[in-house]
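Here the structure is laid out as structure tokens; the discussion comes afterwards.
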Amino acid sequence: MSTKKILSVIILLIGVALIIAPFGYKMFDRASAGADMMKAFEPVLTRPNVTTFQGHMHTFAGMQSDMKRMLPALAQQMHVSQDQLSQMIQQQFPGVANGLARMDMMGKDFNTVITVMDQNVDNFQKADQLPMRAMPWFFIIAGVVLVLLSGTQLLLPEKK
């Protein structure tokens with residue numbers, strides 16, 4: 001077999017792989033889900049919204065700082081120990097107690113999310129321009145073209 005025929009067989013196999021890949025990787029379903037997800041995030045991942053979320057985080061950080069000072073002051077004003085105040089809050093306001101206990105963790109988690117959003121606004125805007133639903137077809141069309149071209153090459157008689 002000539003080098004030209006071997007190359008045509010390799011190209012044919014690549015073409016077949018490109019046709020099969022979208023089905024094997026469930027690209028039609030995933031591309032559709034990706035397009036839906038991108039559409040859902042369009043109003044969220046914008047520079048103005050991320051700037052607003054960053055402002056909310058500054059407010060949250062101020063609340064965290066004030067709560068750490070407010071609770072001891074409140075306990076003192078109520079003439080109870082901080083432990084007694086904590087027990088009272090836990091019993092009467094369990095949601096507040098839970099929030100206070102998790103405030104540092106929530107602040108770190110929210111800050112991480114907002115930082116990632118901030119770093120990816122431009123990337124999102126670029127990725128949102130991709131024709132997600134059509135992506136599997138790009139593989140299939142390229143594969144069909146390769147199969148047709150290499151198949152034609154394989155069917156042509158070799159010149160001597």
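The values are calculated or read from the model by the stated rules, or taken from the named source; none is laboratory data. Predicted, not measured: the structure shown is a model, and the values here were computed from it. Cβ atoms come from the backbone with ideal geometry, glycine included; neighbour counts cover every protein chain shown.
Computed quantities for the displayed model
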{"quantity": "Qualifying positions in the range 40-67 - assigned to a helix (DSSP H, G or I) and either in contact with an Asp or Glu (Cβ under 9 Å, 6 or more places away or on another chain) or of a type in the set (A, V, I, L, M) (or both)", "calculated": "Ala40, Phe41, Arg47, Val50, Thr51, Phe53, Gln54, Met57, Ala61, Met63, Gln64, Met67"}
{"quantity": "Number of the exception - Val147 against (1) touching a residue at least 24 places away in the same chain (Cβ under 8 Å); (2) farther than 23 Å from Ala31 by Cβ; (3) in the same structural domain as Ser32 (by TED's automatic domain parsing)", "calculated": "(2)"}
{"quantity": "Looking only at the range 88-131, and only at residues there that are over 23 Å from Gln54 (Cβ atoms) and exposed (fewer than 10 other Cβ atoms within 10 Å of the Cβ), the one that is modelled with the lowest pLDDT", "calculated": "Gln129"}
{"quantity": "Sole residue being within 19 Å of the chain's Cα centre (by Cα) and at pLDDT 95 or above, chosen from Val44, Val50", "calculated": "Val50"}
{"quantity": "Residues (touching a residue at least 24 places away in the same chain (Cβ under 8 Å) and not hydrophobic (A, V, I, L, M, F, W, C)) located in the range 61-74", "calculated": "Gln64"}
{"quantity": "Filtered residue count, the range 135-160, keeping only those that are small (Gly, Ala, Ser) and either over 29 Å from Met37 (Cβ atoms) or at pLDDT below 95 (or both)", "calculated": "2"}
{"quantity": "Residue among Ala31, Ala75 that is outside the structural domain of Ala97 (by TED's automatic domain parsing), assigned to a helix (DSSP H, G or I) and surrounded by 13 or more Cβ atoms within 10 Å (Cβ to Cβ)", "calculated": "Ala31"}
{"quantity": "Failed item, numbered, when Ser65 is tested on (1) modelled with pLDDT under 95; (2) exposed (fewer than 12 other Cβ atoms within 10 Å of the Cβ); (3) more than 30 Å from Gln119 (Cα to Cα)", "calculated": "(3)"}
{"quantity": "Near pairs, Cβ below 6 angstrom, 6+ apart or cross-chain, from the range 19-37 (polar (S, T, N, Q)) to any residue that is part of a helix (DSSP H, G or I)", "calculated": "Ser32/Arg133"}
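Rundown of residues vs (1) without any contact (Cβ under 8 Å) to a residue 12 or more places away in the chain; (2) among the polar types (S, T, N, Q); (3) in contact with a strand residue (DSSP E or B) (Cβ under 8 Å, 6 or more places away or on another chain); (4) on the phi < 0 side of the Ramachandran plot, yes/no style:
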{"site": "Thr46", "(1), (2), (3), (4)": "no, yes, no, yes"}
{"site": "Thr51", "(1), (2), (3), (4)": "yes, yes, no, yes"}
{"site": "Gly55", "(1), (2), (3), (4)": "yes, no, no, yes"}
{"site": "Gln76", "(1), (2), (3), (4)": "yes, yes, no, yes"}
